[in-house]
Amino acid sequence: MRVTVFGTGYVGLVTGTCLAEVGHQVTCVDIDQAKVDGLNRGVVPIFEPGLEDMVLANHGAGRLAFTTDAAQAIAHGDVLFIAVGTPPDEDGSADLQYVLAVARTIGRHLSRPAIVVNKSTVPVGTADKVRAAIAAELSARGAEIAFEVVSNPEFLKEGAAVNDCMRPDRIVLGSRSAQAVETMKRLYAPFNRNHDRIVVMDERSAELTKYAANAMLATKISFMNEMANIAERVGADIEMVRHGIGSDPRIGYHFIYPGAGYGGSCFPKDVQALGRIARQAGYEAKLLGAVEAVNTAQKDKLFALAERHFAGDLRGRTFAVWGLAFKPNTDDMREASSRRLLELLWNAGATVRAHDPEAMHEATRIFGTRPDLVLCDTPAQALEGADALFVVTEWKAFWSPDFAALKAALKAGVVFDGRNVYDPAQVEAAGLAYYGIGRGRSLQPR
Ligand code: UDX
């Protein structure tokens with residue numbers, strides 16, 4: 001089938017590439033000429049495992065094209081995906097300007113019947129707005145062309161996006177048009193083998209499904225962070241508690257890892273946007289507000305531990321930070337807990353020596369050069385001259401350090417483990433002080 005994808009960000013690029021991989025003819029459109037030129041030369045602007053090879057192979061095979069020419073791209077596709085960003089605006093609502101701009105462009109250029117698929121995470125009711133925007137442009141030029149709008153939210157995890165797209169656990173299709181649903185089923189048939197993963201519903205339910213999924217996952221994390229905060233005050237170890245509750249299949253082991261707070265492009269934005277959607281509908285979503293508040297406080301946690309350990313005396317100290325990305329296997333630093341930690345450390349007059357396996361160029365882009373930030377090529381370099389170490393992202397490369405070497409390198413001999421990756425006893429056996437999240441020891445400096 002012939003497919004057009006608007007937006008070559010995470011969602012658009014991964015979706016377009018995976019659709020090409022299973023044999024569809026895909027054209028991806030972006031307004032960013034430099035990005036499109038790069039993609040046409042095989043330069044993939046994001047780090048996503050497996051993506052670059054797939055882009056190169058499908059581009060080389062002529063199934064995947066990149067262009068800034070929206071008219072040509074609209075002429076190409078029978079199915080037109082909207083996968084542009086919906087960043088939060090000032091009040092936390094999802095900003096629909098990019099989605100609606102694409103809808104208007106489609107309306108201006110559409111010359112034959114098509115299905116318009118909304119993949120961006122959008123407030124409930126957006127399908128109606130997209131439909132109205134396209135219809136208005138069509139009628140402005142006196143064109144009568146049939147089109148359908150389908151809500152098809154994505155559930156990709158950064159770092160595992162290609163796999164999530166090729167092997168989805170569900171494909172949500174929100175549409176009242178049986179014909180559009182049939183076309184979408186044909187499009188997704190290669191991803192829907194062995195058992196049926198397609199869930200058909202109305203558009204609004206599909207739109208809310210995406211928010212509900214992310215809000216539920218964010219709630220699990222904030223719940224565990226709250227338990228961790230209780231655990232450390234009552235002398236319990238949240239890691240034991242995690243094992244104790246995760247074994248109940250109704251709770252499950254997934255997404256109950258306490259830590260330095262959740263980040264990324266989805267959870268913070270979507271929890272806020274859903275709260276806003278509820279408020280606009282006349283309902284105050286108390287739980288969502290609490291999920292966000294717990295997470296905001298949790299991002300201050302590592303700094304608070306350091307402040308307590310050093311009795312408020314952080315000025316002139318140097319801290320090693322391992323991990324800048326909001327989670328492993330990505331270079332994405334949007335809403336990353338590391339950003340809050342760095343900001344607090346800098347405000348307190350400390351210097352940061354940071355290393356991340358993938359996010360170094362992103363850190364340079366965000367922070368530029370400043371005297372209180374040294375970006376280091378290796379984890380070991382980050383330790384040089386440092387008083388203490390913060391582990392903020394649980395990259396595998398940080399899981400098994402040589403604790404004796406850590407002890408030798410760190411002047412104050414302290415490890416702040418923001419993801420509970422280490423065995424406290426092992427760290428302490430090397431003569432280091434250990435602080436984790438919700439592990440009792442956090443409140444008891446040696
Ligand atoms: C998320 C959803 O998982 C995905 O389905 C949706 O489409 C987009 O949003 P993503 O933002 O890529 O994906 O990351 P995810 O792996 O969900 O992690 C989000 C954040 O939660 C990270 O900062 C991670 O460190 C944190 N997290 C996750 C925890 O703190 N504890 C956990 O138990 C799990």
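Quickly run through region 146-159 and pick out the residues that are surrounded by 14 or more Cβ atoms within 10 Å (Cβ to Cβ), among the aliphatic types (A, V, I, L, M) and more than 10 Å from the ligand (Cβ to nearest atom). Selection gives Val149, Val150.
From the list Val199, Val172, Val162, the one residue that fits, being touching a Leu at 6+ places or on another chain (Cβ under 9 Å), part of a strand (DSSP E or B), within 16 Å of the ligand (Cβ to nearest atom) and not polar (S, T, N, Q), is Val199. Within region 237-250, the set of residues being surrounded by 12 or more Cβ atoms within 10 Å (Cβ to Cβ) and either of a type in the set (S, T, N, Q) or touching a helix residue (DSSP H, G or I) at 6+ places or on another chain (Cβ under 8 Å) (or both) comprises Asp237, Ile238, Val241, Arg242. Here Asp372 clears all of (1) of a type in the set (Asp, Glu); (2) touching a residue at least 12 places away in the same chain (Cβ under 8 Å); (3) over 17 Å from Phe303 (Cα atoms) except the condition numbered (3). If the condition is being of a type in the set (A, V, I, L, M) and crowded, with 16+ Cβ neighbours inside 10 Å, then region 205-236 contributes Ala206, Leu208, Ala213, Ala215, Leu217, Ala218, Ile221, Met224, Met227, Ala228, Ala231, Ala236.
The single condition among (1) outside any loop (DSSP other than H, G, I, E, B); (2) in the same structural domain as Ala103 (by TED's automatic domain parsing); (3) of a type outside the set (Phe, Trp, Tyr); (4) closer than 18 Å to Phe81 by Cα that Ala206 does not meet is (2).
Results for (1) outside any strand (DSSP E or B); (2) at pLDDT 95 or above; (3) within 16 Å of the ligand (Cβ to nearest atom), shown as yes or no for each residue.
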site	(1), (2), (3)
Phe81	no, yes, yes
Gly85	yes, no, yes
Asp91	yes, no, no
Val99	yes, yes, no
Arg104	yes, yes, no
Ser111	yes, yes, no
Thr121	yes, no, yes
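The criterion of being within 21 Å of the chain's Cα centre (by Cα), under 22 Å from Asp332 (Cβ atoms) and at pLDDT below 95 holds for Glu48.
The values are calculated or read from the model by the stated rules, or taken from the named source; none is laboratory data. Computed from a predicted model, the values in this text were never measured in an experiment. In this analysis, Cβ positions are derived from the backbone assuming ideal geometry, glycine residues included, and neighbour counts consider all displayed protein chains.
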